[in-house]
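Here the structure is laid out as structure tokens; the discussion comes afterwards.
The values are calculated or read from the model by the stated rules, or taken from the named source; none is laboratory data. Fair warning: this is a prediction, and the values are worked out from it, not measured in the lab. Neighbour counts run over all protein chains shown; Cβ positions are idealised from the backbone, glycine included.
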Amino acid sequence: MSHKNDPAGHGPESRKREPVFNLPNVVLAMVLLMVAIQVALDSLLPRAAVLEIYLQTAFIPQRYAVSMAGQAGPYLWSPITYSLLHGGYAHLALNCFWLAAFGAVVARRIGPVRFVIFWLLSALASAALFLIFHWGDQSIMVGASGVVSALMGAAARFAFGDGGGFRRDRAHLNERLSIAQSLTNRTVFGFLVVWFGINLLAAVGFSFGIADSAIAWEAHVGGFLFGFLAFSLFDPIGHSQSDAY
């Protein structure tokens with residue numbers, strides 16, 4: 001599609017001047033928050049305090065198989081706070097990379113307030129599916145991977161466009177595809193196959209070189225399905241004529 005008029009300043013010259021890392025403020029704020037938390041946990045706080053923080057804020061399925069008495073706070077907030085913690089700098093860096101890639105286009109699309117609400121609800125959705133598969137056990141889940149997966153699912157509804165192309169500076173302006181249209185879009189369908197294929201490998205035990213921790217593929221799938229299926233509830237821009245599907 002050609003654009004003769006470019007009032008938003010997205011012409012060739014503006015693209016040359018565009019910074020490589022041009023993140024929306026809300027995405028940058030989330031990255032900085034997670035980095036600050038990781039630095040504090042890794043370098044500033046005593047080990048006993050770090051262990052207590054993980055106990056109180058990580059998502060632990062066993063918490064929900066016993067009485068809520070005596071753990072009301074963590075019972076309520078850990079399905080969200082776990083998304084801000086990470087198992088180390090490598091885990092954090094990977095999530096921040098994908099957050100910058102997919103979170104940026106979604107944030108430009110829906111704005112900062114909806115983005116924060118989307119983050120909270122996608123964290124809950126990710127934790128919910130993880131809980132179903134791990135009810136009552138002592139697994140400890142941390143990381144923004146479920147939220148990032150939800151952002152990937154949301155981006156799949158609009159970022160590739162009808163023609164399958166992707167332009168980082170304009171992807172947020174594309175028309176939203178219905179679920180049916182997304183599934184028949186070759187680029188989107190290919191993206192879905194690759195994404196679910198990778199998580200299927202994780203489900204059967206392939207570690208992708210991550211030696212010290214299991215991949216919470218259940219949280220990834222829960223987040224992705226939430227983002228893909230529920231994105232229209234957050235989208236303030238255009239929609240397709242068959243968006244009910």
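Here is how the numbers come out for the structure above:
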| item | result |
| --- | --- |
| Filter result for GLY190 (farther than 26 Å from LEU121 by Cβ, at pLDDT below 75 and not basic (Lys, Arg)) | no |
| Out of LEU201, LEU225, sole residue that is at pLDDT below 95, surrounded by fewer than 19 Cβ atoms within 10 Å (Cβ to Cβ) and either in contact with a helix residue (DSSP H, G or I) (Cβ under 7 Å, 6 or more places away or on another chain) or not in a loop (DSSP other than H, G, I, E, B) (or both) | LEU201 |
| Filtered residues of the range 165-184 (kept if at pLDDT 90 or above and of a type outside the set (D, E, K, R)) | LEU177, SER178, ILE179, ALA180, GLN181, SER182, LEU183, THR184 |
| Residue, surrounded by the most Cβ atoms within 10 Å (Cβ to Cβ), within the range 149-164, restricted to residues that are in contact with a Ser or Thr (Cβ under 9 Å, 6 or more places away or on another chain) and at pLDDT 95 or above | ALA150 |
| Pairs, first in contact (Cβ under 8 Å) with a residue 24 or more places away in the chain and farther than 27 Å from GLN56 by Cα in the range 85-114, second of a type in the set (Phe, Trp, Tyr) and surrounded by fewer than 16 Cβ atoms within 10 Å (Cβ to Cβ), C-beta under 9 Å, six or more apart | ALA100/PHE21; VAL105/PHE166 |
| Residue match in the range 130-152 (condition: at negative phi, part of a loop (DSSP other than H, G, I, E, B) and touching a strand residue (DSSP E or B) at 6+ places or on another chain (Cβ under 6 Å)) | no |
| The lone exception for ILE60 - which of (1) at pLDDT below 95; (2) touching a strand residue (DSSP E or B) at 6+ places or on another chain (Cβ under 8 Å) it fails | (1) |
| Test: residue in the range 104-123 that is among the aromatic types (Phe, Trp, Tyr) and surrounded by fewer than 14 Cβ atoms within 10 Å (Cβ to Cβ) | no |
